[in-house]
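Engineer: First, the structure itself, so that you have it in front of you.
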């Protein structure tokens, strides 16, 4: 049995939207870590959640199975890999643009990785980073709350258009 090619698998997976942010695919979000066609015509997909307790992972796995089955794939194995932990650095440039178009400011900097002792201050939003409003592009924005609609986002308000917006914190 001949399955889908590596390229065709990635194309199918790019149709699977993140359940919490439907404007972005799980590929653009960086959740899909690897894709491997198997000799029996099936495939193995490795995904990493945006955080280890993400309640959407079951939905994402089911959506992966549905889109691949619609593409003719039968033997689909989906594995969740927690290490290395997901980072906002894995969001593609196209994904960042999709977030912005959806009204979420993408991370304004790369995530900081440390070894050994963790500097707790590095885990919060850094005040000297300019966060552009995804609505009007202004950098006259200010932090309202360290937590937005989810724990991985902060809530900001634009000083020009006055709209509140989520900012995807780098992590």
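The values are calculated or read from the model by the stated rules, or taken from the named source; none is laboratory data. What you see is a predicted model; the values in this text were computed from it and never measured. Methodologically, a virtual Cβ is constructed for each residue, glycine included, from the backbone with ideal geometry; neighbour enumeration extends over all protein chains shown.
Engineer: As an exercise: evaluate residue 10 against (1) without any contact (Cβ under 8 Å) to a residue 24 or more places away in the chain; (2) surrounded by fewer than 16 Cβ atoms within 10 Å (Cβ to Cβ) and give the number of the one condition it does not meet.
Structural biologist: (1)
Engineer: Please find, within the stretch 80-94, the residue that is farthest from the chain's Cα centre (by Cα) out of those that are in a loop (DSSP other than H, G, I, E, B) and surrounded by 13 or more Cβ atoms within 10 Å (Cβ to Cβ). Before you say what the answer is, go through the steps one by one.
Structural biologist: Initial filter on the stretch 80-94 (in a loop (DSSP other than H, G, I, E, B)): 81-87, 91-92.
Now restrict to residues that are surrounded by 13 or more Cβ atoms within 10 Å (Cβ to Cβ): 81, 85-87, 91-92.
On the way: 81: 15, 85: 12, 86: 8, 87: 8, 91: 6, 92: 9 Å.
Selected residue: 81.
Engineer: Run residue 29 past the list (1) in a helix (DSSP H, G or I); (2) touching a residue at least 40 places away in the same chain (Cβ under 8 Å); (3) outside the structural domain of residue 155 (by TED's automatic domain parsing) and report the number of the one that doesn't hold.
Structural biologist: If we test residue 29 against (1) in a helix (DSSP H, G or I); (2) touching a residue at least 40 places away in the same chain (Cβ under 8 Å); (3) outside the structural domain of residue 155 (by TED's automatic domain parsing), just (1) comes out false.
Engineer: Tell me which of these residue 110 doesn't satisfy, since it passes every other one: (1) out of contact with any strand residue (DSSP E or B) (no Cβ under 7 Å at 6 or more places or on another chain); (2) in the same structural domain as residue 16 (by TED's automatic domain parsing); (3) at pLDDT below 95.
Structural biologist: Every listed condition holds for residue 110 apart from (2).
One line per residue, one yes/no per condition, for (1) part of a helix (DSSP H, G or I); (2) farther than 16 Å from residue 153 by Cβ:
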site: 21; (1), (2): no, no
site: 34; (1), (2): no, yes
site: 44; (1), (2): no, yes
site: 62; (1), (2): yes, yes
site: 73; (1), (2): no, yes
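Engineer: If residue 42 satisfies all but one of (1) over 18 Å from residue 150 (Cα atoms); (2) loosely packed, with under 15 Cβ neighbours inside 10 Å, what's the number of the condition it fails?
Structural biologist: All conditions pass for residue 42, except number (2).
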